[in-house]
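Contents: one structure, followed by commentary.
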Amino acid sequence: MADKKAQLTIGGETWNFPIMEGSTGPDVVDIRKLYASTGAFTYDPGFTSTASCESALTYIDGDEGVLLHRGYPIGQLAEHSNFMEVSYLLLNGELPNAGELADFENTISRHTMLHEQLMTFYRGFRRDAHPMAVMCGVVGALSAFYHDSTDISDPEHRRISSHRLIAKMPTIAAMAYKYAVGQPFMYPDNSLSYTGNFLRMTFGVPAENYEIHPAVEKAMDRIFILHADHEQNASTSTVRLAGSSGANPFACIAAGIACLWGPAHGGANEACLNMLREIGTPDRIPHYIERAKDKNDPFRLMGFGHRVYKNYDPRATVMQKTVREVFDALNVTDPIFEVALQLEEMALNDDYFKEKRLFPNVDFYSGAILSAIGFPTTMFTALFALARTVGWVAQWNEMISDPGQKIGRPRQLYTGPTERDYVPVSQR
Ligand code: ACO
């Protein structure tokens, strides 16, 4: 394959560019020397045809609906693994043995508390602040509290800051919730699992014992696994771009959280549940399908469509099964599950959605589960941020450890005025 080349002809002159081959997936035309040799840039504003880096973490085949973390299919991880094990896998490249897993869990649990001064930081927010606004602020502020792990050239600093971020996210998210509802902050309890601890910090109160429902703990942990990493999506690319300048990891993850907040990305699960509630009953579904198809109506079916998946999102398959388990375990009779199932069926049989290859994505069912567990919709994206932190951190580490890493600096197609002389205000 070494002699496979791509040829580009501009104005009659032809250049050859090398082709790089991954372990699987599409080949990549290496255009790093394009500008130097031809004086032209490529134009790809949404990065639909651009590989921004090499990565060994996550592989997606969007046409086949495949998602692998370090080679392991997401369905197998969701079924048999747990979030701590998947976190170890993403960070270290291999599944841990029993001793390695116990050590990792122990390390993470030793970093779950927040600096006490951060409590006062929370009190500066309005009670009705969106949890994502609080998360952006508090995670960014970690760099003001943990100076001893912000030297990105030191692998030990990088390791500690990664562990801190993964360990503190549940505490930060739970505190954002507690602050909004006016209840006391709950300190972590390190005798509990990562996920059980998060549920207790969110829904427990100091006045009484909090019983963790095993089905809820399992479903929540599975949701964390399903959101752990997803290749070079918008927020991960944001983390990498912020990190490429040498910014500290806490600042980079805060940037990722900001990007995740948008409704086209992490905010879609909140938007999807709101949409399902607005639809309300199955008889109203056709009206909303028609609206989604109408070019003059900005409405889109939230939780449908994906930049990469042109097939069923494998995470949505697991989510659909998990909704049933949680609803059964908690005796939930919320009609939105029925609305979601029928909406999915009608959309999948509709020519518009078939032709555009629009399928349910991970967010289509996650809102129904989170709502049944008791989370307000505003917390949904915060939970996504909590889980995705491990992916962000693993991708950030991969980037910083790459000796060929450069600051990310795209170019542009300039369409503004060409050079002209300044005119004094009296003559304009
Ligand atoms: N409802 C109706 N039409 C849709 C939808 C939808 N949910 N998604 C895409 N389309 C249509 C577009 O109108 C467009 O039609 P056109 O070719 O006639 O103009 C075509 O399908 C392609 O859509 P694009 O927006 O160009 O595709 P892109 O890859 O840029 O967008 C995205 C992907 C943002 C996810 C889009 O499908 C969408 O907005 N979905 C709803 C929001 C959502 O669920 N986001 C979660 C994504 S998963 C995640 O972040 C975890």
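The values are calculated or read from the model by the stated rules, or taken from the named source; none is laboratory data. Given the structure is predicted, the values throughout are model-derived calculations rather than measurements. Cβ: placed from backbone, ideal geometry, glycine included. Neighbour counts: every protein chain shown. Side chains are part of the model used for accessible areas, which takes the heavy atoms of the whole protein and leaves out ligands, DNA and RNA. Shrake-Rupley method; radii C 1.70, N 1.55, O 1.52, S 1.80 Å.
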- request: Keeping the other protein chains in place, figure out the carbon and sulfur percent of the accessible area of the chain, with a 1.4 Å probe.
  value: 51 percent
field: Residue-averaged 222 nm ellipticity for the chain, from DSSP H runs of 4+ at -39500 (n - 2.57), nearest 500
entry: -15500 deg cm²/dmol
- request: Mark the label point 7 Å from the Cα of H147 along Cα→Cβ and return the residues of the stretch 110-140 whose backbone N is within less than 13 Å of it.
  value: none
field: Whole-number accessible area per residue in Å² for the stretch 279-428, which is evaluated in the context of all protein chains at 1.4 Å
entry: 53 Å²
- prompt: So what is the relative contact order for the chain, in percent, with contacts set as C-alpha pairs under 8 Å and at least six apart?
  reply: 19 percent
statement: Here the relative contact order (percent) of the stretch 165-230, from C-alpha pairs under 8 Å and at least 6 apart, is 26 percent
- request: Take the alpha-carbon centre of the stretch 164-206, take the same for the stretch 95-150, and report the distance between them in whole Å.
  value: 10 Å
query: Across bins of 10 angstrom width beginning at 0, how are the C-alpha pair distances of the chain distributed, in whole percent?
result: 4, 20, 29, 25, 15, 6, 2, 0
Shape box of the stretch 1-84 [Cα atoms, principal axes, largest first, Å]: 57, 29, 23
field: Calculated Rg and Dmax of the stretch 204-323 using C-alpha coordinates, Å
entry: 18.2, 54
message: Using DSSP H assignments, which helices in the chain have an axial alpha-carbon span of 30 Å or above and a mean Kyte-Doolittle hydropathy of 0.5 or higher?
response: 380-401
message: Relative contact order of the stretch 1-143, please, whole-number percent, based on alpha carbon pairs below 8 angstrom and at least 6 residues apart.
response: 9 percent
- prompt: In nanometres, what is the gap between the two model label sites at S426 and R277, each 7 Å from Cα along Cα-to-Cβ?
  reply: 6.2 nm
query: Between K295 and N16, what is the FRET efficiency for a Förster distance of 41 Å, r being their Cβ-Cβ separation, to the nearest 0.05?
result: 0.45
- prompt: If the cut-off is a Cα-Cα distance under 29 Å, which lysines reach K321, setting aside same-chain residues fewer than 8 apart in sequence?
  reply: K218, K293, K310, K354, K356
task: Provide Rg and Dmax in Å for the stretch 78-133, with only Cα atoms included in the calculation.
output: 16.6, 45
field: Pairwise centroid distance, computed over Cα atoms, of the stretch 296-327 with the stretch 352-426, Å
entry: 18 Å
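Just subtract the alpha-carbon distance of R123 and F47 from 0.36 nm times their residue separation and send over the number in nm, one decimal.
Numbers: separation 76, 0.36 × 76 = 27.36 nm, distance 3.98 nm.
Using 0.36 nm per residue and subtracting the Cα-Cα distance, I get 23.4 nm.
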query: Using r as the Cβ-Cβ distance of L348 and L101, and R0 as 41 Å, what FRET efficiency do you calculate, to the nearest 0.05?
result: 0.55
query: Of the peptides 190-203, 43-56, how do they stack up when ordered by the mean number of other Cβ atoms within 10 Å, highest first?
result: 190-203, 43-56
- prompt: If you roll a 1.4 Å probe over the heavy atoms of the protein chains, what accessible area per residue do you get for the stretch 1-108, in Å²?
  reply: 62 Å²
